[in-house]
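The values are calculated or read from the model by the stated rules, or taken from the named source; none is laboratory data. Worth saying up front: this structure is predicted, and the values here are computed from it rather than measured. In this analysis, Cβ positions are derived from the backbone assuming ideal geometry, glycine residues included, and neighbour counts consider all displayed protein chains. The accessibility values were calculated without ligands, DNA or RNA, using every heavy atom of the protein model including side chains. Shrake-Rupley method; radii C 1.70, N 1.55, O 1.52, S 1.80 Å.
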Amino acid sequence: MSEIEQLLRPALRGRTPYGAPQLDVDVQLNTNESSYPVPPEVVAAIVAELEEQLGGLNRYPDREFTDLRKALVAYLEDRSGVSLRPEQVWAGNGSNEVLSHLVQAFGGPDRTALGFTPAYSMHPIISETLGTTWVDGQRDRDSFDLTVESAVEQARRVDPHLVFLCSPNNPTGTALPFDVIEAMLEAAPRAVVVVDEAYAEFARPGTPSALSLLAAHPRLVVTRTMSKAFALAGGRLGYLAADPQVVDALRLVRLPYHLSAPTQTIARVSLEHADRLLETVDAIKEQRDRLVAELTAMGLRPVPSDANFVLFGGLADAPATWQALLDRGVLVRDVGIPHHLRVTAGTPDETGRFLAAMTDLVTTHASSQEAS
């Protein structure tokens, strides 16, 4: 062990950093980004606002990001019909910073966080690196569903201080029934229950948002992001809605002036152009459903998705298929689930490139059970 390794916190020794491969390939479908660039008119509007503000960068930004919070409230009410107040909204540099604020405030030593695998891999990483004990709850091994009975039994056994739920779930893509969320709030009475809705804009018609449950549940938190549907992965803006007392608690752990003035401006102007930026959502959903239909026709097992990606099984050796796709210029994600890969819904051309590659590979890469 090196001198630096000896100085490192014991809980961090031997860990590897999070990170999906960033490779220079023709078709990048591994990180659930939008394949569509920000429209020129939105770029022009952002640049115009930034030009007016750049001379003032000698001053710190608005610590409470007041205008941005008002814009987020207006957006959420317009899209979900749920009325919120600015003091119920919090934001950070991507949803991961928002999640880390929650763990800093409500987790820590001698506290426990519960999530249900497979789910977003950053939930345990953030929890454990911030000194919180992580408990890996389980979903159904075949369907990846989480039933009320299973969730309640696991929550009562653990008695956590934080619960992480994803709706739609990453990497499976399925939305979570409301009865699971409400049952979790009852079964974990000491916990802040976090519903991660990073992919909410892609949900199939009729899928409700947990935002509508906030008024009745002060321990409920709903997190969102502008990285996916808004095509702003590089803008780094995540946010949450919660009871004002939860938001007040996050002020205790945030770093001073944590949202830069350019970040606030980019997000606020983008929200003013939400209709334009979200025009690609239906096109992405069409490609997602195309993936489900055509992978099924190949004899593979895609999971019906409410997100902008599809998890599919039926592979003999997922890492081998991942490499074979990469050799054909198509980058997808190996999320560590045996016999499964995850593919982002891209443009029609990108989706077609992936499906053509899978058509070439399926006879040799599908498991013998699927091939038969």
Given charges of +1 on the Cβ of Lys and Arg and -1 on the Cβ of Asp and Glu, with all other atoms neutral, how large is the dipole of region 1-152 about its Cα centre, in debye to the nearest 20? 520 debye
Taking the Cα centre of the chain as the origin, how large is its charge dipole in debye, to the nearest 20, when only Lys and Arg (+1) and Asp and Glu (-1) carry charge on their Cβ atoms? 740 debye
GNM, the chain, Cα, under 10 Å: largest mean-square fluctuation among Ala297, Ala113, Ala191? Ala297
Which option, [x] -0.23, -0.54, -0.81; [y] -0.28, -0.57, -0.77; [z] -0.51, -0.76, -0.88, is the value of log10 I(q)/I(0) by the Debye sum over Cα atoms at q = 0.06, 0.09, 0.11 Å⁻¹ that was calculated from these coordinates? [x]
How large is the helix-only mean residue ellipticity at 222 nm for the chain, computed as the sum of -39500 (n - 2.57) over DSSP H runs with n ≥ 4, divided by its residue count, in deg cm²/dmol to the nearest 500? -12000 deg cm²/dmol
Expressed in square angstrom to the nearest 10, the accessible area of Thr359 with a 1.4 Å probe stands at 80 Å²
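Please identify the chymotrypsin sites (Phe, Trp or Tyr not before Pro) of region 230-322 that satisfy two criteria: DSSP loop assignment and at most 16 other Cβ atoms within 10 Å. Which are they? Can you show the working numbers first?
Values: sites: Phe230, Tyr239, Tyr257, Phe309, Phe312, Trp322; in loops: Phe230, Tyr257.
The qualifying sites are Tyr257.
What does the C-alpha gyration tensor say about the overall shape of region 176-294? Classify as rounded when a/c is under 1.5, otherwise prolate if a/b is larger than b/c, or oblate.
Numbers: a/c = 2.51, a/b = 1.13, b/c = 2.23.
Verdict is oblate for region 176-294.
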Given the C-alpha centroids of region 254-288 and region 290-354, what is the distance between them in whole angstrom? 27 Å
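Give the calculated FRET efficiency between Asp275 and Ala20 to the nearest 0.05, with a Förster radius of 35 Å applied to their Cβ-Cβ distance.
Numbers: r = 30 Å, r/R0 = 0.86.
Once rounded, the FRET efficiency stands at 0.70.
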Three-way shape label, region 119-244, alpha-carbon gyration tensor, a/c 1.5: rounded
Distant alpha-carbon pairs in region 1-135 (separation over 21 angstrom), percent: 67 percent
Farthest toward the dipole's positive end in the chain, which of Ser270, Thr321, Asn93, given Cβ charges of +1 (Lys, Arg) and -1 (Asp, Glu) about the Cα centre? Asn93
Please report, in debye to the nearest 20, how large the charge dipole of region 289-353 is about its Cα centre when each Lys and Arg carries +1 at its beta carbon and each Asp and Glu carries -1 there. 60 debye
Probe 1.4 Å, protein heavy atoms only - accessible area per residue of the chain in square angstrom: 45 Å²
Can you list residues whose amide H is under 5 Å from Asp145's amide H, if they're 5+ apart or on another chain and H is modeled 1.01 Å from N? Asp140
Quick one: which residues, 5 or more positions from Gly94 or on another chain, have an amide H under 5 Å from its amide H? H modelled 1.01 Å from N in the peptide plane, none for Pro or chain starts. Leu237, Gly238
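Mind pulling up the Rg/Rh value for region 249-372? Radius of gyration and Kirkwood radius, both on Cα.
Over the Cα atoms of region 249-372, Rg/Rh equals 1.15.
First compute the accessible area of the chain with a 1.4 Å probe, then give the percent of it belonging to carbon and sulfur atoms. Don't jump to the answer; show the numbers that get you there.
Values: 8530 of 16780 Å².
Of the solvent-accessible surface of the chain, carbon and sulfur hold 51 percent.
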Give the residue from Gly137, Leu72, Ile125 lying farthest towards the positive end of the charge dipole for region 53-142; charges sit on Cβ (+1 for Lys and Arg, -1 for Asp and Glu) and the dipole is referred to the Cα centre. Leu72
Probe 1.4 Å, all protein chains in place: accessible area of Glu5 in Å², nearest 10? 90 Å²
